[in-house]
1. Is it true that some residue in region 69-88 is surrounded by 15 or more Cβ atoms within 10 Å (Cβ to Cβ), within 22 Å of Lys8 (Cα to Cα), basic (Lys, Arg) and under 13 Å from the mean Cα position of the chain (by Cα)?
2. Test Val39 against the stated conditions and say whether it is free of Cβ contacts under 8 Å to residues at least 60 places away in the same chain, among the hydrophobic types (A, V, I, L, M, F, W, C) and assigned to a strand (DSSP E or B).
3. Which residue pairs have Cβ atoms under 6 Å apart, sit 6 or more places apart or on different chains, and have a first residue in region 1-18 that is surrounded by 10 or more Cβ atoms within 10 Å (Cβ to Cβ) and a second that is of a type in the set (A, V, I, L, M)?
4. Out of all the residues in region 17-36, which are part of a loop (DSSP other than H, G, I, E, B) and not β-branched (Val, Ile, Thr)?
5. Against the definition (under 14 Å from Ile86 (Cβ atoms) and among the aliphatic types (A, V, I, L, M)), how does Leu31 come out, yes or no?
6. Condition first: buried (at least 16 other Cβ atoms within 10 Å of the Cβ) and of a type outside the set (Val, Ile, Thr). Now tell me which residues in region 20-37 satisfy that.
Amino acid sequence: MNIKYLFKDVTIDNRTREYVEKRLSGIEKVLDKILKTEVEIDRDKKGLFRVEVMVSTPRDLFRAEETTESIEGSIDLVVDELKIQIVKKKDKLWTKIMRGARSLKKKMSLDDDARF
């Protein structure tokens, strides 16, 4: 997976980076083709961590953002939100395909003399 990181006023150790990559690998299981993934982590004035993840595919762009007290908590919530968005999009597409198939089936007419 092609992951681009952007850190503002935060330094990240290898353990946290591995955790982020591990959690984002779950998105690869749901999406077929990911062009790039951008992760932005920064700290606000209150000391909370804001994590924003954008996942680009050939047709869509999925984005989620969360602000919590820890980077790990934020990344967990962001990945869950991205999975919800992706599943909703796939379900919507599948519904359109099935609706089109049903309308074609209704338009088809069988001859009364047909033997089935």
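1. No: zero hits.
2. Working: free of Cβ contacts under 8 Å to residues at least 60 places away in the same chain: yes; among the hydrophobic types (A, V, I, L, M, F, W, C): yes; assigned to a strand (DSSP E or B): yes.
Considered against the rule, which asks whether it is free of Cβ contacts under 8 Å to residues at least 60 places away in the same chain, among the hydrophobic types (A, V, I, L, M, F, W, C) and assigned to a strand (DSSP E or B), Val39 comes out as yes.
3. Sorted first by the residue in region 1-18, then by its partner, the pairs are Tyr5/Val39; Phe7/Ile41; Val10/Ile41; Thr16/Ile71.
4. Taking region 17-36 first, the residues part of a loop (DSSP other than H, G, I, E, B) are 31-35.
Selection gives Leu31, Asp32, Lys33, Leu35.
5. Values: under 14 Å from Ile86 (Cβ atoms): yes; among the aliphatic types (A, V, I, L, M): yes.
When the stated conditions are applied, Leu31 passes them.
6. The answer is Arg23, Leu24, Leu31.
Here, each number is a calculation from the coordinates, and none is a lab measurement. In this text the structure is predicted, and so the values were computed from the model without any measurement. Ideal geometry is used to build each Cβ from the backbone, glycine not excepted, and the neighbour counts take in all protein chains shown.
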